[in-house]
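Below is one structure; the comments refer to it alone.
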Amino acid sequence: MSTKSESPARCAVIVGPYTGGKTTLMEAMLFQAGAIHRKGSITEGNTVGDGSPEARARQMTVETNVASCDYLGDSWTLLDCPGSVEYSRDSQTALMAADLAIIVTPPELDRVLGLAPIFKFLDDYNIPHIVFVNKMDKCAIRIRDLMETLQSTSDRPLVLRQVPIRDGEEDVNGFVDLVSERAWKYNAGKQSDLIEMPDSVAEREEEARQEMLESLADFDDSLLEQLLEDKIPATDELYGYLSENLASDRIVPVLLGSAESGNGITRLWKVLRHEGPGPDVAKQRLGIPAGEGFVASVVKTFHAAHMGKLSLARIWSGTLSEGLTLGHDRLSGLFRLKGQEHEKISSAKAGDVVALGRMEELQTGELFSENGKISSEDYMWPEPMTPVYTLAVTPKNRQDEVKLTSSLSKLIEEDDSLALEHSQDTGEMLLRGQGEIHLKIAAERLKSKYNVDVEVARPQTAYKETIRRSTTQHSRYKKQSGGHGQFGDVQVEIKPLPRGSGFEFVDKVVGGSIPRQYIPSVEHGAKEYLQRGPLGFPVVDVSVTLFDGQHHAVDSSDQAFRVAGRMAMSEGMPECQPVLLEPIYEVTVSVPTEFTNKVHSLISGRRGQILGFEMRPGWKGWDDVKAQLPQAELQDLIIELRSLTQGVGSFTSRFDHLQEFTGKLAERVIASRKEESASH
């Protein structure tokens, strides 16, 4: 039995593309560490991670899985992140707690491009990382080809740590470690067997080892001198070089294995244990304030049934005990997590990743101490992601409207890549996020976690209408029904304004034909009508000038002139050549250069106008394509864009202007609005 280590607990974050095998890898690592007695299966729905109903139903990770364990006396927390690009935010926030990241990828060349945003994020934040090539037991490609393709997505040099031993063209049944130069044969479900290095791999091993040494020599002059003198560096020296350069995020070691078969897991653990950096490196990288007192950061927020709000936090210094008061909140519980299991503990120390119970003031991304939140200019935290997909959300039961808003607030607190917006143009409640699956799962969680059943629909486009010509209109409202009647008489001029001017009301009444107290009522009536013009949409860029009218000493009133103002607009506007306006957005589409032409076709096919393109700042081999697109064409743009670009394309958008919309498509929009009005 291993002795408990005195070194701080460490945290490894597992990231990579969808179906790469991340959750299976965490399962294999926990099994190897003795934290679980048998490995679960994704298909059987019994893994430590992916315990939510939504994850089980789809057999995919939809939020960060957390599992703490000990390996040979060292304390570790593993964070297994979703692979879907729609849940990239979970990976980003989890990586802020990492001492190092494990990028899991299958040995498939056409899947490598999906790693580009992950490599870029890790490089931008200088997070040490290694690559674990999973599913190596069935690998039909040459590792040197995979390494070349992987290198095209990484700014840091990749350093192969092992070469495979093959049995035939596809089956890999072992590996040679390039530092120790020892060969191992896989033994499914058990420890690998140490064997003599086969002759068939000796030449490749020597070549790959030389490449590894040359990569390390780029960062160390003494090693370079040894190589120039044909000296063989000592094994311990090599491990030292690897450890130092990994901690400094200068190199990316590449390991091979199979999580499903348990191959290469021990070697992975050893690299993490002996070569991976401790929390002091991450603390310095993140700009955590120095000092011996208690400091921690929140990396994830959960709302758990029967437990309330849980704040998953990485402790960077000091200790934390149950019952302490942090800021204004008293810590109601301290928990170590392993999937859906919550083990209550009395204290936690530097390096630990623990869940804090009912800390209502704490939010994801915040730094805090015993005195409460800490503000630090040096502290790094990634900016929120821009939503790219929107659905209109309505409760099936109208009595759930208030409950829906509060439940959505909790979902957004758990996942800030969601956003809630109340559209002033259409009156809809809009849930915005990172894709169709992202928002559908959010809707499912509303029902499963908060018992709020909702309907989701494509949001309405915020069409407007305006006019092309001017007119004058004389309208009179007269009503007699016994006693005081109603009388209001107005003469107005209605004329178009330049685009973007909004609404203008001009009072040119002279001689008291309309008493001053009634003039605001005419303006109010005109505004009421403009909420729904002749085509059925809000009217913009219109000027209304009141220049004459009549009143009655007894029957005139605010209400009468309000109705008269509305009548004048209703009778006059159809004569002004009303025209539909559609919102146009300025869009920047970011894609690898090889897909730029496809994006041009995509935008053109959606009635868009290409404004130009340029290299994406800070992204090698990527372009930013700038264009203008109608809002109606933005709704499912991200779905087609990701389909065209192997899942890596993205875009940002902002409203730019309103543009006249004519032709058959416009006629359909108007007809649809009329049908909708008739049905109501």
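The values are calculated or read from the model by the stated rules, or taken from the named source; none is laboratory data. Computed from a prediction, not measured in an experiment: that's the story for all the values here. We place every Cβ from the backbone using ideal geometry, glycine too, and count neighbours over all the protein chains shown.
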Margin query: Take the conditions touching an Asp or Glu at 6+ places or on another chain (Cβ under 9 Å), surrounded by fewer than 18 Cβ atoms within 10 Å (Cβ to Cβ) and not assigned by TED's automatic domain parsing to the domain that holds Y125 and apply them to S448. Does it pass?
Written below: yes
Next item on the list: Sort out which residues of the range 585-597 are surrounded by fewer than 16 Cβ atoms within 10 Å (Cβ to Cβ) and either in contact (Cβ under 8 Å) with a residue 60 or more places away in the chain or in contact with a helix residue (DSSP H, G or I) (Cβ under 8 Å, 6 or more places away or on another chain) (or both), and write them in order of number.
Entry: E586
Notebook entry, point to check: Which of the residues that make up the range 199-219 are touching a residue at least 12 places away in the same chain (Cβ under 8 Å) and either small (G, A, S) or in contact with a strand residue (DSSP E or B) (Cβ under 6 Å, 6 or more places away or on another chain) (or both)?
Noted result: S200, V201, R204, E205, A208, M212, S215
Next item on the list: Within the range 653-680, work out how many residues are touching an Asp or Glu at 6+ places or on another chain (Cβ under 9 Å) and among the polar types (S, T, N, Q).
Entry: 2
Notebook entry, point to check: Out of all the residues in the range 295-306, is one or more within 18 Å of S409 (Cβ to Cβ), at pLDDT 95 or above, under 29 Å from the mean Cα position of the chain (by Cα) and hydrophobic (A, V, I, L, M, F, W, C)?
Noted result: yes
Note to self: Residues to consider are L178, L194, L146, L150; find the one that is in contact (Cβ under 8 Å) with a residue 40 or more places away in the chain and among the aliphatic types (A, V, I, L, M).
What the structure shows: L150
Check: Taking helices (runs of 4 or more DSSP H) that do not extend beyond the range 217-278, which have at least 2 residues that are over 24 Å from D74 (Cα atoms) and assigned by TED's automatic domain parsing to the domain that holds D124?
Finding: 221-228
Check: If we scan the range 159-168, do we find a residue that is in the same structural domain as Q210 (by TED's automatic domain parsing), in a loop (DSSP other than H, G, I, E, B) and aliphatic (A, V, I, L, M)?
Finding: no
Notebook entry, point to check: In the range 139-158, what residues are closer than 23 Å to S258 by Cβ and part of a loop (DSSP other than H, G, I, E, B)?
Noted result: C139, A140, I141, R142, T153, S154
Margin query: So for the range 426-440 (the condition being under 24 Å from R562 (Cβ atoms) and over 24 Å from the mean Cα position of the chain (by Cα)), does at least one residue qualify?
Written below: yes
Notebook entry, point to check: Residues of the range 380-406 being more than 29 Å from F651 (Cβ to Cβ) and either among the basic types (K, R) or in contact with a Leu (Cβ under 8 Å, 6 or more places away or on another chain) (or both), which ones?
Noted result: P395, K396, R398, K403
Notebook entry, point to check: Say we look at the range 10-58 and pick out the residues that are polar (S, T, N, Q) and in contact with a helix residue (DSSP H, G or I) (Cβ under 7 Å, 6 or more places away or on another chain); which of these is surrounded by the fewest Cβ atoms within 10 Å (Cβ to Cβ)?
Noted result: Q32
Notebook entry, point to check: Quick check: is even one residue across the range 555-568 over 27 Å from S470 (Cα atoms) and either aliphatic (A, V, I, L, M) or surrounded by fewer than 16 Cβ atoms within 10 Å (Cβ to Cβ) (or both)?
Noted result: no
Check: Looking at the range 92-137, which of the residues that are of a type in the set (D, E, K, R) and either within 24 Å of R166 (Cα to Cα) or under 20 Å from the mean Cα position of the chain (by Cα) (or both) is surrounded by the most Cβ atoms within 10 Å (Cβ to Cβ)?
Finding: K135
Notebook entry, point to check: What about I288, is it β-branched (V, I, T), buried (at least 17 other Cβ atoms within 10 Å of the Cβ) and over 27 Å from I36 (Cα atoms)?
Noted result: yes
